[in-house]
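The values are calculated or read from the model by the stated rules, or taken from the named source; none is laboratory data. These figures come from a predicted structure and were not determined experimentally. Backbone-built Cβ (ideal geometry, glycine too); neighbour counts: all protein chains shown. Areas reflect the complete protein model, heavy atoms only, side chains present, ligands, DNA and RNA absent. Shrake-Rupley method; radii C 1.70, N 1.55, O 1.52, S 1.80 Å.
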Amino acid sequence: MKVRCNVGKHLKKTCEAYSQATSTVFLFFLTLLVGAFLWAQWVPVVPSHDMLTTIHSHTALPESVSANPRKPDPPSLPTLPPISCPNTTNQTRHRIKCPAPPTLLPSSLPPPSSTCPTYFRWIHEDLRPWASTGITLDMVERAKKTANFRLTIVNGRVYVQKYQRAFQTRDVFTVWGILQLLRYYPGQIPDLDLMFDCVDWPVVKADEYNWENAPSPPPLFRYCGDESTLDIVFPDWSFWGWAEINIKPWEGLKREIEEGNKRVGWMNREPYAYWKGNPAVAKIRQELVQCNVSKTHDWNARIYAQNWLKESQEGFKDSELSKQCIHRYKIYIEGSAWSVSEKYILACDSMTLIVKPKYYDFYSRGLMPVQHYWPIRENDKCRSIKFAVDWGNSHKQKAQEIGKEASSYVQEMLKMENIYDYMFHLLTEYAKLLKYKPTVPPNATEVCSELMACRAHGVEQKFMLDSVVHKPSDVGPCDLPPPFSDVELKTIQRRRENSIKQVETWEENAWKTETR
């Protein structure tokens, strides 16, 4: 744009300067206008929700075009009531009432998190004795013979009927763990009715129920099983704490052990096999004590008897599990049956030496010799331990890998999310087998997290509050894998036997060389 200057000579320069400035401004705004027009043609308009509704109702996208629909909002999970226990008298503690259980509509269920770990497949094997018959009320009540308590869930409420006193607080923390499951997956646990035996050794003998016209076995839950019994294996109480010997709930303790592993690297650890525990509970442990270093023999083992009474009097200062990861090798040996110590030992990064076990718990069936641990002979423990340590010190990298494989298994496969998922699937699959509708037994008492925590005292209460589930899981339980086929079970067994046989061959060859 140019301005015409019809002025005198004395104003002509001023007018021409004004004309030039005006043209520059005009060109600037013209550029902006053209740019805005081009931008509108290139950048798509982001429609509002109302616009989307209108567009989608009149326009169908071709199949080759991805609609990229809006992601659904996450499910609305119920809010869990916080648990706080103010200073109350014994009289007011008994006035605590259980709140109404939260409900969850099927449409609100969160999606599955992932596929469950492989050891979950043993759930199908544990429940196989009732797969074809189902479980009747008579079968459940026949399990009362040795049960410590009966646990019934009806409409999200938990009821317990105690039959006999359990050792220490095993029953208390087992019930507590199930209550936390209901907080972790509120409104998702079906009605059920079960008997639980807190004693170490399994008692439902398979031979008593495998003959023609034999009655169906009673379904009895406990912490371990073996090849000759049919007891249903359930996660043990110590995942929520073992108050009597100051073993903390697993979630926090697992982190402490993981940190403890970093204090002393594997190569810098003591090049011996370490075990500390109570030898008085079983003959096999008393035999292990004979493998300790002495004036006449050094079996590469350092064995320590644990005096729990003395420890409790001294504040458990010498029994912190996170400080016991300073040897390259650690020994796991059963007590009167399986021992809860297995997970603590495996978590240490040390190569675990497992004296041939008779029993299994819910996760140990996923362990493989020479991959997760080193097998030790039951009938020649001392020489077998010495060979294992000598072999490991001569094959440090491989021994270190075995130790790391086991600790990774424990750290990853035994996260508390997996513990709750295992409980969820086991109880859900069990409930599907019930041939009757569970009802509250006449002498049962309702229990809930608020009631148990606020009536507890001291360390027991502390461990409950430390392990309480504060909010529901924002994802659903993992997908339960299918049962093992017969071929898969035989392959697992054959692989385990071949690995143990290989180690025994190495031992025998080494011992022959020593005697020449």
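Where in region 255-366 are there helices (runs of 4 or more DSSP H), lying wholly inside it, with at least 2 residues that are farther than 20 Å from ILE245 by Cα? If you could, list the steps in order and put the result at the bottom.
Working: elements: 283-289, 308-313, 341-346.
Passing ranges, in order: 283-289.
Quick one: how many residues across region 445-461 are assigned to a helix (DSSP H, G or I) and among the hydroxyl-bearing types (Ser, Thr, Tyr)?
Residues of region 445-461 assigned to a helix (DSSP H, G or I): 449-455, 458-461.
So of that shortlist, the ones also among the hydroxyl-bearing types (Ser, Thr, Tyr) come out as 449.
Adding up the residues that qualify gives 1.
With at pLDDT 95 or above, in a loop (DSSP other than H, G, I, E, B) and closer than 17 Å to PRO357 by Cα as the only criterion, which of PRO202, PRO217 stands out?
Working: PRO217 fails: closer than 17 Å to PRO357 by Cα.
PRO202 is the lone residue from the list that is at pLDDT 95 or above, in a loop (DSSP other than H, G, I, E, B) and closer than 17 Å to PRO357 by Cα.
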With the first residue restricted to region 217-232 and required to be among the polar types (S, T, N, Q), and the second required to be outside any loop (DSSP other than H, G, I, E, B), Cβ contacts under 8 Å at 6 or more apart or on different chains are SER228/LYS205; SER228/ALA206; SER228/ASP207; THR229/LYS205; THR229/ALA206
Within region 279-306, residues being under 18 Å from ILE354 (Cβ atoms), open to solvent by 70 Å² or more (accessible area, probe 1.4 Å) and touching a strand residue (DSSP E or B) at 6+ places or on another chain (Cβ under 6 Å) number 0
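State the number of residues belonging to region 497-516 that are out of contact with any Ser or Thr (no Cβ under 8 Å at 6 or more places or on another chain) and open to solvent by less than 50 Å² (accessible area, probe 1.4 Å). First the steps, then the outcome.
Taking region 497-516 and keeping what is out of contact with any Ser or Thr (no Cβ under 8 Å at 6 or more places or on another chain), we get 497-506, 508-516.
Those still in the list that are open to solvent by less than 50 Å² (accessible area, probe 1.4 Å) too: 499, 503, 510-511.
Residues in region 497-516 being out of contact with any Ser or Thr (no Cβ under 8 Å at 6 or more places or on another chain) and open to solvent by less than 50 Å² (accessible area, probe 1.4 Å): 4 in total.
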Residues of region 226-237 being touching a helix residue (DSSP H, G or I) at 6+ places or on another chain (Cβ under 7 Å) and not aromatic (Phe, Trp, Tyr), in sequence order, are SER228, THR229, LEU230, ILE232, VAL233, PRO235
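So that you can scan it fast, the table gives a plain yes or no per residue for (1) loosely packed, with under 14 Cβ neighbours inside 10 Å; (2) within 27 Å of the chain's Cα centre (by Cα); (3) β-branched (Val, Ile, Thr):
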site	(1), (2), (3)
ARG377	no, no, no
ASP390	yes, no, no
ALA399	no, yes, no
ASN443	yes, no, no
LEU465	no, yes, no
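Taking the stated definitions as given, is VAL160 in contact (Cβ under 8 Å) with a residue 40 or more places away in the chain, part of a helix (DSSP H, G or I) and open to solvent by less than 40 Å² (accessible area, probe 1.4 Å)?
Numbers: in contact (Cβ under 8 Å) with a residue 40 or more places away in the chain: yes; part of a helix (DSSP H, G or I): no; open to solvent by less than 40 Å² (accessible area, probe 1.4 Å): yes.
Judged against the criteria, VAL160 is not a match.
Scan region 368-422 residue by residue and report those that are of a type in the set (Asp, Glu) and either farther than 22 Å from ASP298 by Cβ or not in a helix (DSSP H, G or I) (or both).
Step one: filter region 368-422 for residues of a type in the set (Asp, Glu), giving 378, 380, 390, 401, 405, 412, 417, 421.
Answer for region 368-422, where residues must be of a type in the set (Asp, Glu) and either farther than 22 Å from ASP298 by Cβ or not in a helix (DSSP H, G or I) (or both): GLU378, ASP380, GLU401, GLU405, GLU412, GLU417, ASP421.
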Of (1) open to solvent by 30 Å² or more (accessible area, probe 1.4 Å); (2) closer than 27 Å to LYS358 by Cα; (3) in contact with a helix residue (DSSP H, G or I) (Cβ under 9 Å, 6 or more places away or on another chain), TYR223 fails just (1)
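In the set TRP308, TRP374, TRP299, which member is modelled with pLDDT of 95 or more and farther than 30 Å from GLU227 by Cα? It would help to see each step written out before you state the result.
Values: TRP308 fails: modelled with pLDDT of 95 or more; TRP374 fails: farther than 30 Å from GLU227 by Cα.
Testing whether each residue is modelled with pLDDT of 95 or more and farther than 30 Å from GLU227 by Cα leaves just TRP299.
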